[in-house]
1. When you scan region 25-42, do you find a residue that is among the aromatic types (Phe, Trp, Tyr) and at pLDDT below 90, even just one?
2. List the number of the failed condition for ASP31; all other conditions in (1) farther than 25 Å from GLU106 by Cα; (2) surrounded by 14 or more Cβ atoms within 10 Å (Cβ to Cβ) hold.
3. For region 61-98: of the residues being not in a helix (DSSP H, G or I) and not hydrophobic (A, V, I, L, M, F, W, C), which is surrounded by the most Cβ atoms within 10 Å (Cβ to Cβ)?
4. Give region 34-55 a look and list any residue that's buried (at least 17 other Cβ atoms within 10 Å of the Cβ), over 13 Å from ALA77 (Cβ atoms) and not hydrophobic (A, V, I, L, M, F, W, C), or say none.
5. If VAL7 satisfies all but one of (1) closer than 18 Å to GLU106 by Cα; (2) more than 12 Å from the chain's Cα centre (by Cα); (3) surrounded by fewer than 15 Cβ atoms within 10 Å (Cβ to Cβ), what's the number of the condition it fails?
6. Output the qualifying pairs, or none if there are none: Cβ atoms under 9 angstrom, residues six or more apart or on different chains, first residue in region 21-38 and at positive phi, second residue surrounded by 14 or more Cβ atoms within 10 Å (Cβ to Cβ).
7. Report, by residue number, each residue of region 1-31 that is more than 24 Å from ASP87 (Cα to Cα) and either aromatic (Phe, Trp, Tyr) or part of a loop (DSSP other than H, G, I, E, B) (or both).
Amino acid sequence: MLAHGAVLRRNGFSVDQIKAILIDFRPAGLDEAEVDMMALGRGFSLDPHAVIQIEIQKLRDHGFTEAEIVDVALTAAVRNFYARFFDALGINPDAQLQDREPELWEFIKGFSGAGKAGVPG
């Protein structure tokens, strides 16, 4: 999570914007297409069997291609794989990254349990 936050910071997002996205992406100032993309990724992550075609159609209606929709699904799947892998091994982000983004790291540790044994950042 910290590495993704660092990428967002390099792309102009403030720490407060990233915190808002982590807490609840829907009112966090993202555009409608981004909210629908995040919702679909969240659905793939939390309950993939509950994802319905209307949610996928929303992305098509925003102009997402089939390849981009597949990218959303694969990104959610890969992120879940890595999170579980790092969690099982108790691996946290590199100390350099923690030092480079201290405010974001402190929030993430408290928000998700990251920084505790086995919760990746």
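1. No, region 25-42 contains no residue that is among the aromatic types (Phe, Trp, Tyr) and at pLDDT below 90.
2. (2)
3. Checking each candidate, the answer is PRO93.
4. Across region 34-55, the qualifying residue is only ASP36.
5. (2)
6. The qualifying pairs are GLY29/GLN17; GLY29/ALA20; GLY29/ILE21.
7. ASN11, GLY12, PHE13, SER14, ARG26, PRO27, ALA28, GLY29, LEU30, ASP31
The values are calculated or read from the model by the stated rules, or taken from the named source; none is laboratory data. Fair warning: this is a prediction, and the values are worked out from it, not measured in the lab. Glycine gets a Cβ as well: all are built from the backbone with ideal geometry, and neighbour counts include every protein chain shown.
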